[in-house]
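Asks: Structure incoming, see below.
The values are calculated or read from the model by the stated rules, or taken from the named source; none is laboratory data. All values reported here derive from a predicted model rather than from experimental measurement. Cβ coordinates were reconstructed from backbone atoms using ideal geometry, including for glycine residues, and neighbour counts include every protein chain displayed. Note: areas computed on protein heavy atoms with side chains; ligands, DNA, RNA excluded. Shrake-Rupley method; radii C 1.70, N 1.55, O 1.52, S 1.80 Å.
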Amino acid sequence: MTTEPTADDTAAPGRLRWIEDFVNTRREDGDDIRAPEQLAHWLRDRGLLPADATVDAAGRDRAEAVREGLRALIAANNVAPVASPRPDGLDPAAGAALAALTRHLPLVLDVTGPAPRLVPGTGDPVDAALATLLAVVAEAVATGAWHRLKACREPSCRWAYYDHSRNRRRTWCSMEICGNRAKARAAHHRRSAPPT
């Protein structure tokens with residue numbers, strides 16, 4: 001049984017919060033799922049992994065590939081490109097790796113409940129948890145919430161955040177931190193640019 005995320009007015013709504021939280025397990029200062037035991041704990045905390053299930057190194061590696069692929073997908077939700085070697089500032093192979101992996105994380109349409117829903121079509125507990133996360137993405141696309149989940153444009157951050165702004169044009173996860181860094185950098189470049 002899965003545990004629904006609690007309400008938070010800054011976080012993504014409903015189960016989409018799992019995707020936001022999952023992508024944010026990697027930060028510049030560390031990785032919350034760097035070991036199989038950490039991934040197991042993260043999944044169990046959300047009711048996505050049975051208590052008796054174990055996670056091996058291969059399962060952890062698949063989870064990392066899903067996480068980085070999701071990060072690339074949400075970066076595509078950003079409105080305008082950033083100044084970086086790649087418009088999204090991410091590893092170009094991340095999306096391709098996710099696409100390849102999704103073929104092994106099948107979802108099936110469960111029509112036995114009160115409403116049809118996508119459920120994992122795999123028996124492996126870790127893969128079932130990862131497939132459940134992919135089902136959340138499909139649900140968010142269907143409701144229109146997916147395009148509000150974005151990746152911070154600050155190159156040193158790339159934190160996932162849900163854009164609650166009315167015009168859906170928020171750029172950074174935090175104006176106070178990442179926004180100020182970007183503005184300070186732009187001001188420095190303007191001051192140090194040769195006069196024209």
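Asks: Under 15 Å from a point placed 7 Å out from the Cα of residue 53 along the Cα-to-Cβ direction: which residues of the range 117-155 have their backbone N that close?
Replies: What the label zone holds, given the 15 Å backbone N cut-off, is 119-136.
Asks: Of 146, 118, 107, which is farthest along the charge dipole of the range 105-169 in the positive direction, counting Lys and Arg as +1 and Asp and Glu as -1 at C-beta?
Replies: Of the listed residues, the answer is 146.
Asks: Let me ask something else about it. Determine, from the Cβ-Cβ distance of residue 115 and residue 147 and an R0 of 22 Å, the FRET efficiency 1/(1 + (r/R0)^6), rounded to the nearest 0.05.
Replies: Details: r = 23 Å, r/R0 = 1.05.
Efficiency at R0 = 22 Å is approximately 0.40.
Asks: Keeping all protein chains in position, work out how much accessible area residue 156 exposes to a 1.4 Å probe, and write it in Å² to the nearest 10.
Replies: 50 Å²
Asks: Counting alpha carbon pairs within less than 8 Å and at least 6 residues apart, what relative contact order, in whole percent, applies to the range 84-171?
Replies: Values: 72 pairs, mean separation 13.5, N = 88.
So the answer I get is 15 percent.
Asks: Put a dot 7 Å past each Cα toward the Cβ at residue 139 and residue 41; how far apart are the dots in nm?
Replies: Spacing of the two 7 Å Cα→Cβ label points: 2.6 nm.
Asks: Further question on the same structure: Would you please give the FRET efficiency between residue 24 and residue 164, computed as 1/(1 + (r/R0)^6) with r the Cβ-Cβ distance and R0 = 22 Å, to the nearest 0.05?
Replies: Details: r = 16 Å, r/R0 = 0.74.
Step by step, r from the Cβ atoms, then E = 0.85.
Asks: Considering amide H positions built from the backbone, and no H for Pro or chain starts, which residues 5 or more places from residue 149, or on another chain, come under 5 Å of its amide H?
Replies: Close amide H contacts, sequence-distant or interchain: 163.
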